[in-house]
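**Q** Handing you a structure now.
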Number of protein chains: 2
Amino acid sequence: MTKDLVNKKRRVHFSPDNIDIVVDEGANLLQAAISAGVRIYASCGGAGTCGTCKVLIEKGRLETTRTAKVSDEEFKQGIRQACQSRVSTDLAVYVPVESRLEKAVLTRENREVPGALATGWRFNPPLRKFFVELPPPTLEDNVSDLSRLLRGLKQRYQLSNMTVDSDVVRKLPQALRDNDWRVTATTLVTAAKTRARDKRRLGVTKVEPGDTRDKHYSLAFDIGTTTVCGQLLELNRGRVIAEGIAYNQQIGYGADVITRIAYSQKPGGLKKLQQVVVATINGIIDELLTQGRVSAEHIGHLIVAGNTTMTQLFLGLDPKYIRLSPYTPVANFFPPEKASSLGVKVGQSVYLFTFPSVASYVGGDIVAGIVGSGVYQRKELTLYIDIGTNGEIVLGNSDWMVTASCSAGPAFEGGGVKHGLVATAGAIEQFDINPSNFKPVIGTIGGVKPKGICGSGLISIIAGLLEAGVIAQNGKFNTGLPTKRIREGSDGYEYVLARAPETQIGKDIVITEVDIDNLMRAKAAIYAGYQTLTRSVGVTRSDLEQVIIAGAFGSSMDIEKSITIGLLPDIARDRFIFIGNGSLLGARLTSFSTDVLDDARRVAGMMTNIELSENVDFMNSYIASLFLPHTNAGEFPSVAKRLAGNQSKLRITV
Amino acid sequence: MTKDLVNKKRRVHFSPDNIDIVVDEGANLLQAAISAGVRIYASCGGAGTCGTCKVLIEKGRLETTRTAKVSDEEFKQGIRQACQSRVSTDLAVYVPVESRLEKAVLTRENREVPGALATGWRFNPPLRKFFVELPPPTLEDNVSDLSRLLRGLKQRYQLSNMTVDSDVVRKLPQALRDNDWRVTATTLVTAAKTRARDKRRLGVTKVEPGDTRDKHYSLAFDIGTTTVCGQLLELNRGRVIAEGIAYNQQIGYGADVITRIAYSQKPGGLKKLQQVVVATINGIIDELLTQGRVSAEHIGHLIVAGNTTMTQLFLGLDPKYIRLSPYTPVANFFPPEKASSLGVKVGQSVYLFTFPSVASYVGGDIVAGIVGSGVYQRKELTLYIDIGTNGEIVLGNSDWMVTASCSAGPAFEGGGVKHGLVATAGAIEQFDINPSNFKPVIGTIGGVKPKGICGSGLISIIAGLLEAGVIAQNGKFNTGLPTKRIREGSDGYEYVLARAPETQIGKDIVITEVDIDNLMRAKAAIYAGYQTLTRSVGVTRSDLEQVIIAGAFGSSMDIEKSITIGLLPDIARDRFIFIGNGSLLGARLTSFSTDVLDDARRVAGMMTNIELSENVDFMNSYIASLFLPHTNAGEFPSVAKRLAGNQSKLRITV
């Protein structure tokens, strides 16, 4: 994994989607599929343990790690686990229906979908298209153009009680006569909160001449503090046509929400931040349309989820009071408005649905994740964790949900760490240590020479160092060990992960006591948040039936090692599920189902936020968590047992 | 009345409105009140016969014609009929509550209002203001600003299920904190068609710091082809604060709807016509705000009624197909939109409600008139006539309504008549003839020297000439009479109404056979429309229980003479009621009552339009009506009897 690969380009063709993508040789096939907008179901997050991402290689070769999940017969047929495969040549890959995320979800109506996804919803997008052939007017039937259209929609599709955009009315005479009274009307569910599903209020947002039902698309976006992800969705069959991701251009104005809010208070600051996030979105839209070969005029809806600050900045709502006690957002739900009025490069007819939020630090991204993962639908007690600069935690089930946010700091995203790096090529993400000579074994993203450490790498490193006795449970180095890897550097004691000649940066890559301290504070904040929430409702670790881990970071994280350092609770490992970008998942499902759209606001309303910033229980938990894994060994019985075993082994070895 | 008055200015102060107006000496006091925006109830239209416009003269003198409607005691107290009084000096006039149109209507909840006005509606304007004092946020209660507002409105006023404009959300943090969490929220009923009145959907359109409930205004407009009338309304007590009228600036692009539509088809034509009518409205708004001493920011709603073409031009909807068979309008009901988006100079929060229409030639002005006059509420069979360039006729009651439009031509507005004039100062509006020497007695608007003839003058003149035998029932002059007043002019035979020295224009004012012919065609069109409608539903003249006459023209028209020429049906005179500008009346009542707003759309939907343009029965009726009063004397029994009497008298005299 560490050898330097020549940066050769390889083309991968995915069927039945008929999508091509060009990737570097050696690229992970699951990642390539996701980048291409081909959604493969990978419930374990690419760890190779669930076996749900099997694909059929029709042409070409790849380098694959075989696991017990692929039978001999399957292997002979050419079936491989995408997550365990790296691209060697140009490829033709067939994704069978059982491995397709969307298909699996969309076709299993009213049946439970394995893993952590919302269930029981119908495929009924809030945006729909209806084609009608109207009788031309006569002296005996000279009702208005609009009445004729509405009458036609009522007769053919039993649609009634509809509102119509003034812009639609203005263009109607031409649209009706351009193709001999044959038109396609686009309708959108406008009511944010509907009681009776069959009495929903529909709005006519567009009328096009002729039959345009086959041009029926929408956009789903997750606006993150660091990255913005978008998907182009086809609404007739519920497919992801293209996916795009870009750094949020607001990064230039501050790395986290607090610095962004500070910038927004400067003259013109709010407007600037609004403009650059819209520019980011517009850039992704351009890319999605090109990738999907779709014309902008056929986009009919936009659904956006983001944390509270990102949402307010996108909508141009002053976030000033988010960072001032008592931390009030402007709004938790947002009126539908024209996306173009915010500067988004879509047609005049496109309405924006913004995911509702819960509180200043529990935003629409979390609500979308809860909606997308179906936590609110199940009786099982679930812990939902979205780990990023802020850790957001939700605890509950279909009856109740409590939520909290804890400022983890940027360690998990590589910030505040001497050689920290976001999860890009060259970032150390895997680590093991030889307990006899304390030498490291590292793996990097892309398998290239290392240039730093990403969040999941940090977890692996600290867990490995702890288990090997290189650091003690207080995070301090055991300086008495017989290895030159531990040394004193400019920031105090440090451990050398890679020597200068082995790196891209030409200098030693190390992890310092300060780095470890930062990570301990970050994991302590999240664990304390989890503890405060569970205690507040009187449940314990063993009551948790499911733990869902969301966030881009989540998918590459090692559960065992995360438990070892005390980030995740010490419970049965099979209760953990990764869902990747939960926010985008929720936005997408909402685009596909009005049932889910209806649920979104209800779910936001049923979440009770517990403010941790001045909470004494949280502060006590936090201090108790500043230990590896925890000052109270009883919180981590399996880790304590293993560490005790290691200690005795180490004592023997040394 | 014909003597030349010195053009002295007199100030009239009206209480309790506390409104001043400066008028010419000799001005009619009722007219002065109306111009000042003081609405006096005058059900007979100023004829002096109903006695509802009594006022108390507190200071100053006037020239008054005393009728039996004022008792000796009242006369001693200083009570006069406004319509019978002309201003001689500066005046202080008190308008008692029983004479006030608005007050009378507004306070008689669920009681029948005398005359032709909608009844049974509550004073509950669609635009409302609610003041709340909110608890400032704390760590224990840090819901969003919007949730705090909505919670406050719910707790204090039981308002729920509200939508909020995105613009309101954007300004909310500032508005809430500017006056220590004390704010006034403006709400508007947004649903156009509501089934359950108590389940109406409210939209929050504005939030202002502090208590601004006393600044609560809206605008009502009638957009006519010739003139645009507006009223500034105070919504706490339901008063008209100011009234303004101006020529529709579209006149420069065509005198009637057909020429306007033609102009709209030129490049940029539609946009131009839209701009100039908006400019007209903006001019009136400026005037209303100045008159009423109201700031533009306190206007919260705009209600507009107009004929179908005027409505479409105002909204920027292409009217092309209105004039092409089969005459289809773009829409009969119009989505609410921001008035500012059309260029109207009001705040961003002001929504426009546009009256729904019935057909291409039966517009929102007629629907507003029917709503305002309450025709749709009563069991009595009512004929509603709006006379202008187009005559619109509605026949029906609370169970059913049929409607038709007939092109009368511009004669009633002074068009196509040699000395025709719109109803302004100097227009001859009264006429009598001395049957012995055929000399005229004329009365002009404002009592100044004549300069032309207005519509009501034309009716008086033709009726007088007919009764005196100067013209025959076919509209031709009786050239054998011993008078020089009948002579041959450039347009054929004519009758001299005023000699050059007696006029403002320095030449003889005459009425010609061509003029008479034009008026006969105009009145024939309206009468034939009325006949076609009554026949289509199988009722006759004697079934009519009420005839409501609307239109600016209506209020100065003489019923007896209108019947004499065959314009109005020959039924008991006490069944006729004038309501003046019915369109503006409806727009105003709708501004005052959500009940009426709800009714508007329902009423438009219950009116069945009968297309006369290619209707054989209409054509036959029209031809039969080209006679004074009608070829069938049985249609006008009282006129036939009187004319027969006159003939015998004339024969004796001559």
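**Q** Can you find even one residue in segment A:154-170 that is in contact with a helix residue (DSSP H, G or I) (Cβ under 6 Å, 6 or more places away or on another chain), at pLDDT below 90 and within 14 Å of another protein chain (Cβ to nearest Cβ)?
**A** Checked against the condition, which is being in contact with a helix residue (DSSP H, G or I) (Cβ under 6 Å, 6 or more places away or on another chain), at pLDDT below 90 and within 14 Å of another protein chain (Cβ to nearest Cβ), segment A:154-170 yields at least one hit.
**Q** Would you kindly identify the helices (runs of 4 or more DSSP H) lying entirely within segment B:572-651 that contain at least 2 residues that are within 14 Å of another protein chain (Cβ to nearest Cβ) and in contact (Cβ under 8 Å) with a residue 12 or more places away in the chain?
**A** Output list reads B:594-606.
**Q** Would you tally the residues in segment A:226-236 being surrounded by fewer than 24 Cβ atoms within 10 Å (Cβ to Cβ) and in contact (Cβ under 8 Å) with a residue 60 or more places away in the chain?
**A** Residues flagged as surrounded by fewer than 24 Cβ atoms within 10 Å (Cβ to Cβ) and in contact (Cβ under 8 Å) with a residue 60 or more places away in the chain within segment A:226-236 amount to 4.
**Q** Is it true that some residue in segment A:248-265 is modelled with pLDDT of 95 or more and in a loop (DSSP other than H, G, I, E, B)?
**A** Among the residues of segment A:248-265, at least one is modelled with pLDDT of 95 or more and in a loop (DSSP other than H, G, I, E, B), which makes the answer yes.
**Q** Looking at (1) in a helix (DSSP H, G or I); (2) crowded, with 24+ Cβ neighbours inside 10 Å; (3) not hydroxyl-bearing (S, T, Y), find the lone condition where A:L568 falls short.
**A** Here A:L568 meets the rest and fails (1).
**Q** Of the residues A:T290, A:T280, A:T311, which single one is among the polar types (S, T, N, Q) and closer than 17 Å to B:K171 by Cα?
**A** A:T311
**Q** Could you list all residues from segment A:302-319 that are within 10 Å of chain B (Cβ to nearest Cβ) and either hydroxyl-bearing (S, T, Y) or under 30 Å from A:D17 (Cβ atoms) (or both)?
**A** Applying the first criterion (within 10 Å of chain B (Cβ to nearest Cβ)) to segment A:302-319 yields A:308, A:312, A:315-319.
Within segment A:302-319, A:T308 is the sole residue that qualifies.
**Q** Give A:G369, A:G396, A:G364 a once-over and let me know the one that is within 14 Å of another protein chain (Cβ to nearest Cβ), crowded, with 23+ Cβ neighbours inside 10 Å and of a type in the set (G, A, S).
**A** Going through A:G369, A:G396, A:G364 in turn, the sole match is A:G364.
**Q** Could you run through segment A:198-211 and say how many residues are modelled with pLDDT of 95 or more and surrounded by fewer than 18 Cβ atoms within 10 Å (Cβ to Cβ)? Spell out the reasoning first.
**A** Let us first name the residues in segment A:198-211 that are modelled with pLDDT of 95 or more, namely A:204-211.
Pick out the ones that are also surrounded by fewer than 18 Cβ atoms within 10 Å (Cβ to Cβ) and you get A:209-211.
Adding up the residues that qualify gives 3.
**Q** From the list A:G529, A:G464, A:G538, A:G475, pick out the single residue that is touching a helix residue (DSSP H, G or I) at 6+ places or on another chain (Cβ under 8 Å) and on the phi > 0 side of the Ramachandran plot. Let's see the steps before the verdict.
**A** Details: A:G529 fails: on the phi > 0 side of the Ramachandran plot; A:G464 fails: on the phi > 0 side of the Ramachandran plot; A:G538 fails: touching a helix residue (DSSP H, G or I) at 6+ places or on another chain (Cβ under 8 Å).
The unique qualifying residue is A:G475.
**Q** Take A:E140 and decide whether it is out of contact with any Ser or Thr (no Cβ under 9 Å at 6 or more places or on another chain) and at the interface with chain B (Cβ under 9 Å from one of its Cβ atoms).
**A** So A:E140 fits the description; yes.
**Q** While we're here: I need a count of the residues in segment A:351-392 that are more than 15 Å from the chain's Cα centre (by Cα), closer than 17 Å to A:V547 by Cβ, outside any strand (DSSP E or B) and polar (S, T, N, Q).
**A** 1
**Q** Given the conditions (1) in a helix (DSSP H, G or I); (2) crowded, with 22+ Cβ neighbours inside 10 Å; (3) within 14 Å of chain B (Cβ to nearest Cβ), and given that A:S340 satisfies all but one, which numbered condition is not satisfied?
**A** Condition (2) is where A:S340 drops out.
**Q** Let me ask something additional. In this structure, is A:D256 away from chain B (no Cβ under 14 Å), without any contact (Cβ under 8 Å) to a residue 60 or more places away in the chain, acidic (D, E) and more than 23 Å from B:K171 (Cβ to Cβ)?
**A** On the way: away from chain B (no Cβ under 14 Å): yes; without any contact (Cβ under 8 Å) to a residue 60 or more places away in the chain: no; acidic (D, E): yes; more than 23 Å from B:K171 (Cβ to Cβ): yes.
Considered against the rule, which asks whether it is away from chain B (no Cβ under 14 Å), without any contact (Cβ under 8 Å) to a residue 60 or more places away in the chain, acidic (D, E) and more than 23 Å from B:K171 (Cβ to Cβ), A:D256 comes out as no.
**Q** I'd like the full set of residues that are away from every other protein chain (no Cβ under 13 Å) and not polar (S, T, N, Q), limited to segment B:343-361.
**A** B:G343, B:V344, B:K345, B:V346, B:G347, B:V350, B:F355
**Q** Taking strands (runs of 3 or more DSSP E) that fall entirely within segment A:447-534, which contain at least 2 residues that are surrounded by fewer than 24 Cβ atoms within 10 Å (Cβ to Cβ), among the polar types (S, T, N, Q) and at pLDDT 95 or above? Steps first, answer last, please.
**A** Details: elements: A:486-489, A:492-498, A:509-512.
It comes to none.
**Q** I need the full set of residues from segment A:267-301 which are out of contact with any Asp or Glu (no Cβ under 9 Å at 6 or more places or on another chain) and within 14 Å of chain B (Cβ to nearest Cβ), in order please.
**A** A:K271, A:Q274, listed by residue number.
**Q** Quick check on my filter: what residues within segment B:320-337 are more than 9 Å from chain A (Cβ to nearest Cβ) and under 24 Å from B:Y247 (Cα atoms)? Can you show your working first?
**A** Step one: of segment B:320-337, the residues more than 9 Å from chain A (Cβ to nearest Cβ) are B:322-324.
B:I322, B:R323 - these are the residues of segment B:320-337 that are more than 9 Å from chain A (Cβ to nearest Cβ) and under 24 Å from B:Y247 (Cα atoms).
**Q** Further question on the same structure: I'd like to know if segment A:298-307 contains one or more residues that are in contact (Cβ under 8 Å) with a residue 24 or more places away in the chain and more than 19 Å from A:L233 (Cα to Cα).
**A** Yes, segment A:298-307 has at least one match.
**Q** Next question, about the same structure. Looking at this structure, is B:V422 of a type in the set (A, V, I, L, M, F, W, C) and under 29 Å from B:D543 (Cα atoms)?
**A** Judged against the criteria, B:V422 is not a match.
The values are calculated or read from the model by the stated rules, or taken from the named source; none is laboratory data. Worth saying up front: this structure is predicted, and the values here are computed from it rather than measured. For neighbour counting, all protein chains shown are included, and Cβ atoms are generated from backbone atoms with ideal geometry for every residue, glycine included.
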